[in-house]
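A quick write-up on the structure given underneath.
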Amino acid sequence: MRGHDWINTNLPEELIVEIFRRLDSKSTRDACSLVCHRWLRLDRLTRSSLKIGATGSPDLFLRILSTRFPNVTNVHIDQRLSVSPPPPIQGRRGSRDNSKVSSEESGGSSNVVSLCLSDAGLAAIGEGFPKLEKLNLIWCSDVTSDGLDSLARKCTFLKSLDLQGCYVGDQGLAAVGQCCKQLEDLNLRFCEGLTDTGLIELAIGVGKSLKSLGVAACAKITDSSMEAVGSHCRSLENLSLDSEFIHNQGILAVARGCPHLKVIKLQCINVNDDALKAVGANCLSLVSLALYSFQRFTDMGLFAIGKGSKNLKNLTLSDCYFLSDKGLEAIATGCKELTHLEVNGCHNIGTLGLKSVGKSCQHLTELALLYCQRIDDLGLLQVGQGCKFLRTLHLVDCSNIGDEGLCGIASGCRNLKKLHIRRCYEIGNKGIIAVGKHCKLLTDLSIRFCDRVGDEALIAIAEGCSLHYLNVSGCHQIGDAGVIAIARGCPQLYYLDVSVLQDLGDTAMTELGENCPLLKEVVLSHCRRITDVGLAHLVKMCTMLESCHMVYCSGITSAGVATVVSSCPNIKKVLVEKWKVSQRTKRRAGSVISYLCVDL
């Protein structure tokens, strides 16, 4: 029968709810909720997550949201994001309801509205979302222990709590320990109001359930807290510490008391080899270890990790100046299951250490070498021979790595999907051509400021690979020919950065427009030969474009900016000089335009 609502007539509410749960994007669910009143009501009942800003009127906003979405279990609030309350429901009844909420939230006065999340907002969360399991409060500096205490007593099912940048005190954290007995994940980054007292009380209260703990920039949290964690949190699996006030004593207590630790991230300048020896001896389930800015430990610490942590799969070494090839060799020979390795700024680790990894770690899938001046082609050649499953390679400022090493990677690691290179001046066309010839699965390529890479390299990549992501910023030898080849050979391309290419012109833009309809982000900044004409050809067919950066493009005028805004219905960000934006363009799309230099 024409015009009859067969879906609502025949489908029970339980089935519609199940369909809503299977929708994978918020925009799709939003669209479905607008179909009819019944679908709106059912959608509100099935919403489980909310993400809002915390500047504007967040307390009022949360009160309104709690009445509309009663089954929410995940709330993310970020002070850095702004928020505006939802528009009032049309009609007399909706208007009265919203005005009532506003009056209650402001304490009976319409002129007093909190501009940042406060304890009143936390009270609204506690009262409105009793099933809450996960709460993130990011830089909500106006909330206090009183608010956290109130929330903890209402949300007893809480499993995950992130208090990054919140100035809460010991009373609030102790309340969480007393009331939230299912808490598993706690993040205390930049919580300057906390002391050992609060964290010790929490460890005593939720020690049986806590699995993940992060502490950073909390000057009053010391080894005493870590000793309490080691004594009470036997199930702890993930520990992240960034503190100059924690010493060996604290790390030793955690390592000995938490035998199930799987992930450890440490940036503690007063910790030395003794702490790592304890980790290696006691944390036999360790799978991920990250060490940042360590000045007081040597290869002896890595010897202990290699000897004890046989299941280690992920290792990050950043700015650890006293580590050498011997330490990395101990890891390679002892931790043969290693899959991810990052070496960043460890100036005494060189080719011999990397060769050990290539010989022993056959399961390596991701390798990042940053500022490694002592590693040369021989190290990469060994990785190419031994690590056949390598899928991701990052090279940054490795001045002794050139075409020979990259050719070794290309011929040996044919599963490579992601290659990022920056300021490796010895790498040129030969190495990139080898990648195009052998690495057919490559979809993500970034070659930034590599002066020896030109059009010939991109032509080989276009012939052999189907790229989705390409960044060739600062490769001055690349011009129209290389980008045209990419346009014709990589129709799935969705991200392109060609900034600072002085020889790139309108012809390449035309080819991109005709052949890459999926482009969503394009960076054209400092390309002086691109004009309004080329830009018009680009955006004519790339209707999915969401972001366009085009600062310091002397050939692009206000007319070109207007063309981008008017031709791209999905545009979200345009970065351009302020003087190139006409008043009409400002009125039409002021919210999507960003200015690099305001008064240039």
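The values are calculated or read from the model by the stated rules, or taken from the named source; none is laboratory data. This structure is a prediction, so every number in the text was calculated from the model and none was measured. Here Cβ is always computed from backbone atoms with ideal geometry, including for glycine, and neighbour counts include all displayed protein chains. Note: areas computed on protein heavy atoms with side chains; ligands, DNA, RNA excluded. Shrake-Rupley method; radii C 1.70, N 1.55, O 1.52, S 1.80 Å.
Testing T73 on (1) at pLDDT below 80; (2) in contact with a Leu (Cβ under 9 Å, 6 or more places away or on another chain), one condition comes back false. Which one is that?
Exception for T73: condition (1).
Restricting to region 439-451, count the residues that are surrounded by 20 or more Cβ atoms within 10 Å (Cβ to Cβ) and of a type outside the set (A, V, I, L, M).
Within region 439-451, residues that are surrounded by 20 or more Cβ atoms within 10 Å (Cβ to Cβ) and of a type outside the set (A, V, I, L, M) number 2.
Given S231, S285, S225, S235, which one is over 30 Å from the mean Cα position of the chain (by Cα) and either of a type in the set (S, T, N, Q) or not in a helix (DSSP H, G or I) (or both)?
Numbers: S285 fails: over 30 Å from the mean Cα position of the chain (by Cα); S225 fails: over 30 Å from the mean Cα position of the chain (by Cα); S235 fails: over 30 Å from the mean Cα position of the chain (by Cα).
Only one candidate passes the filter, namely S231.
Given the criteria assigned to a helix (DSSP H, G or I) and surrounded by fewer than 19 Cβ atoms within 10 Å (Cβ to Cβ), does R296 qualify? Give the steps one after another, and end with the answer.
Values: assigned to a helix (DSSP H, G or I): no; surrounded by fewer than 19 Cβ atoms within 10 Å (Cβ to Cβ): yes.
It is false that R296 is assigned to a helix (DSSP H, G or I) and surrounded by fewer than 19 Cβ atoms within 10 Å (Cβ to Cβ).
Select, from C218, C233, the only residue that is under 20 Å from L158 (Cβ atoms) and open to solvent by less than 10 Å² (accessible area, probe 1.4 Å). Please lay out each step first, then the result.
Numbers: C218 fails: under 20 Å from L158 (Cβ atoms).
After ruling out the rest, the residue left standing is C233.
Given the condition farther than 27 Å from Y321 by Cβ and modelled with pLDDT under 95, answer yes or no: does some residue in region 236-249 qualify?
no
Return the residues of region 241-270 that are of a type in the set (V, I, T), part of a loop (DSSP other than H, G, I, E, B) and open to solvent by less than 40 Å² (accessible area, probe 1.4 Å); say none if nothing qualifies. Write out each step before concluding.
As a first pass, look at region 241-270 and keep what is of a type in the set (V, I, T): 246, 251, 254, 263-264, 269.
Narrowing the set further to residues that are part of a loop (DSSP other than H, G, I, E, B) leaves 246, 269.
Hit for region 241-270 is I246, nothing else.
Within region 513-522, is there a residue that is among the charged types (D, E, K, R) and open to solvent by less than 60 Å² (accessible area, probe 1.4 Å)?
Keep residues of region 513-522 that are among the charged types (D, E, K, R), which gives 514, 520-521.
Now narrow it down to the ones that are open to solvent by less than 60 Å² (accessible area, probe 1.4 Å): none.
The answer is no; no qualifying residue exists.
Looking only at region 481-518, count how many residues are more than 23 Å from C568 (Cβ to Cβ) and assigned to a helix (DSSP H, G or I).
First pass over region 481-518, keeping only residues more than 23 Å from C568 (Cβ to Cβ): 481-482, 485, 489, 500, 502-503.
Imposing the further condition that a residue be assigned to a helix (DSSP H, G or I) reduces the set to 481-482, 485, 489.
Residues that pass the stated criteria total 4.
Consider G474 carefully, then state whether it is within 31 Å of the chain's Cα centre (by Cα), modelled with pLDDT of 95 or more and in a helix (DSSP H, G or I). Even if it seems obvious, please write down each step before you answer.
Numbers: within 31 Å of the chain's Cα centre (by Cα): yes; modelled with pLDDT of 95 or more: yes; in a helix (DSSP H, G or I): no.
No, not satisfied.
Restricting to region 163-190, count the residues that are on the phi > 0 side of the Ramachandran plot and crowded, with 24+ Cβ neighbours inside 10 Å. Write out each step before concluding.
Here is the first cut: in region 163-190, the residues on the phi > 0 side of the Ramachandran plot are 165, 190.
Those still in the list that are crowded, with 24+ Cβ neighbours inside 10 Å too: none.
Residues meeting the conditions: 0.
Could you grab the pairs with beta carbons closer than 9 Å, sequence gap of 6+ or different chains, first residue in region 133-153 and at positive phi, second one assigned to a loop (DSSP other than H, G, I, E, B) and among the polar types (S, T, N, Q)?
If the second residue must be assigned to a loop (DSSP other than H, G, I, E, B) and among the polar types (S, T, N, Q), the pairs left are W139/Q164.
Taking L289 as the residue in question, decide whether it is in contact with a strand residue (DSSP E or B) (Cβ under 6 Å, 6 or more places away or on another chain) and under 18 Å from K310 (Cβ atoms). Even if it seems obvious, please write down each step before you answer.
Numbers: in contact with a strand residue (DSSP E or B) (Cβ under 6 Å, 6 or more places away or on another chain): yes; under 18 Å from K310 (Cβ atoms): yes.
Here the answer is yes, as L289 does meet what is asked.
Just name the residue that is nearest to N270 (Cα to Cα) out of those in region 309-325 that are touching a helix residue (DSSP H, G or I) at 6+ places or on another chain (Cβ under 9 Å) and open to solvent by less than 20 Å² (accessible area, probe 1.4 Å). If you could, list the steps in order and put the result at the bottom.
Pass one, region 309-325, residues touching a helix residue (DSSP H, G or I) at 6+ places or on another chain (Cβ under 9 Å): 309-310, 312, 315, 317, 320, 322-325.
From what is left, the residues that are open to solvent by less than 20 Å² (accessible area, probe 1.4 Å) are 309, 312, 315, 317, 320, 323.
On the way: S309: 23, L312: 24, L315: 20, L317: 17, C320: 13, L323: 16 Å.
Once the filter is applied, the top-ranked residue is C320.
Condition first: assigned to a strand (DSSP E or B) and open to solvent by 50 Å² or more (accessible area, probe 1.4 Å). Now tell me which residues in region 401-438 satisfy that.
At the first step, the residues of region 401-438 found to be assigned to a strand (DSSP E or B) are 402, 418-422, 426, 428.
Matches in region 401-438: K418, R422, E426.
Residues L328, L369, L354, L302: which one is crowded, with 24+ Cβ neighbours inside 10 Å and either under 21 Å from the mean Cα position of the chain (by Cα) or touching a residue at least 60 places away in the same chain (Cβ under 8 Å) (or both)?
Values: L328 fails: either under 21 Å from the mean Cα position of the chain (by Cα) or touching a residue at least 60 places away in the same chain (Cβ under 8 Å) (or both); L354 fails: either under 21 Å from the mean Cα position of the chain (by Cα) or touching a residue at least 60 places away in the same chain (Cβ under 8 Å) (or both); L302 fails: either under 21 Å from the mean Cα position of the chain (by Cα) or touching a residue at least 60 places away in the same chain (Cβ under 8 Å) (or both).
Testing whether each residue is crowded, with 24+ Cβ neighbours inside 10 Å and either under 21 Å from the mean Cα position of the chain (by Cα) or touching a residue at least 60 places away in the same chain (Cβ under 8 Å) (or both) leaves just L369.
Looking only at region 40-62, which residues are more than 30 Å from the chain's Cα centre (by Cα) and either surrounded by fewer than 17 Cβ atoms within 10 Å (Cβ to Cβ) or under 23 Å from S141 (Cβ atoms) (or both)? Step through it out loud before you land on a result.
Filtering region 40-62 for residues more than 30 Å from the chain's Cα centre (by Cα) gives 40-42.
Answer for region 40-62, where residues must be more than 30 Å from the chain's Cα centre (by Cα) and either surrounded by fewer than 17 Cβ atoms within 10 Å (Cβ to Cβ) or under 23 Å from S141 (Cβ atoms) (or both): L40, R41.
Considering only region 331-351, how many residues are among the β-branched types (V, I, T) and either surrounded by fewer than 18 Cβ atoms within 10 Å (Cβ to Cβ) or in a strand (DSSP E or B) (or both)?
Applying the first criterion (among the β-branched types (V, I, T)) to region 331-351 yields 331, 333, 339, 343, 349, 351.
Now restrict to residues that are either surrounded by fewer than 18 Cβ atoms within 10 Å (Cβ to Cβ) or in a strand (DSSP E or B) (or both): 333, 343.
Total meeting the criteria: 2.
Working only within region 526-550, note down all residues that are open to solvent by less than 10 Å² (accessible area, probe 1.4 Å) and either within 19 Å of V592 (Cβ to Cβ) or of a type in the set (V, I, T) (or both). Give the derivation first.
Going residue by residue through region 526-550, those that are open to solvent by less than 10 Å² (accessible area, probe 1.4 Å) are 527, 530, 534-535, 538-539, 542, 545, 548, 550.
Hits for region 526-550 are I530, L535, L538, V539, C542, L545, C548, M550.
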